[in-house]
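Colleague: A single structure is presented below for examination.
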Amino acid sequence: MSLRRPIRHCRECGSQVAYRVPDDGDTRERAVCPACATIHYENPLNVVGTVPALGERVLLCKRNIEPRWGKWTLPAGFMELGETTAQGAQRETDEEAGAQIALGPLFSLVNVPHVGQVHLFYLATLHSDVFHPGHETIEARLFAEDEIPWDDIAFRTVRVTLERYFSDRRSGRLGLHCIDLG
Ligand code: ZN
């Protein structure tokens, strides 16, 4: 993962922007339009997903898209405007795995400041082991803890979430985990 590419052109008038500290007491460099003076603020994005479980097993999706094509992930994706984090997590689970779930409580909140993202994973209970993966997924299947392809997990946020999940399961209590990735 890497930080988003810098803004090049003004969203209001199309002029080329310049990165500088605005004259309004701000302390950070922003993309400022020299023509219409619009300041383009860039803020972290939310990625929302689920840990869908059926008994002892967890659903993972094999990615059919870059980055990390062919690697395994929990169903997750960028939150859309107009939806809540829970709605986004449910939508991503449906889009990527075609899995029917009952959404549970928030399980992990993972800060990834070096790429400007916050990842949120909800617990979820699968209604069945029948999946209808969308075009972003090569394969969706259930894994017991000792079957998890740890060397082929797509993202660190997914790895730490799975580690905490199975650790909590062993201790008999699923909690809420706030994690900062350096
Ligand atoms: Zn402009």
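The values are calculated or read from the model by the stated rules, or taken from the named source; none is laboratory data. Keep in mind that this is a model prediction, so the values were computed, not measured. We place every Cβ from the backbone using ideal geometry, glycine too, and count neighbours over all the protein chains shown. With ligands, DNA and RNA removed, areas are computed over all heavy atoms of the protein, side chains included. Shrake-Rupley method; radii C 1.70, N 1.55, O 1.52, S 1.80 Å.
Colleague: Could you list all residues from the range 144-182 that are part of a loop (DSSP other than H, G, I, E, B) and open to solvent by less than 20 Å² (accessible area, probe 1.4 Å)?
Modeller: Ile148, Ala154, Gly175, Leu181
Colleague: OK, next. Scan the range 46-53 and give yes if some residue there is open to solvent by less than 50 Å² (accessible area, probe 1.4 Å) and either within 16 Å of the ligand (Cβ to nearest atom) or basic (Lys, Arg) (or both), otherwise no.
Modeller: No, the range 46-53 contains no residue that is open to solvent by less than 50 Å² (accessible area, probe 1.4 Å) and either within 16 Å of the ligand (Cβ to nearest atom) or basic (Lys, Arg) (or both).
Colleague: Would you check which residues across the range 1-15 are within 24 Å of Val115 (Cα to Cα) and within 13 Å of the ligand (Cβ to nearest atom) and list them?
Modeller: Correct list: Ile7, Arg8, His9, Cys10, Arg11.
Colleague: For the range 83-93, name all the residues that are among the charged types (D, E, K, R) and surrounded by fewer than 16 Cβ atoms within 10 Å (Cβ to Cβ).
Modeller: Glu83
Colleague: If you don't mind, another one. Within the group Pro52, Pro44, which residue is closer than 22 Å to His114 by Cβ, touching a residue at least 60 places away in the same chain (Cβ under 8 Å) and not aliphatic (A, V, I, L, M)?
Modeller: Pro44
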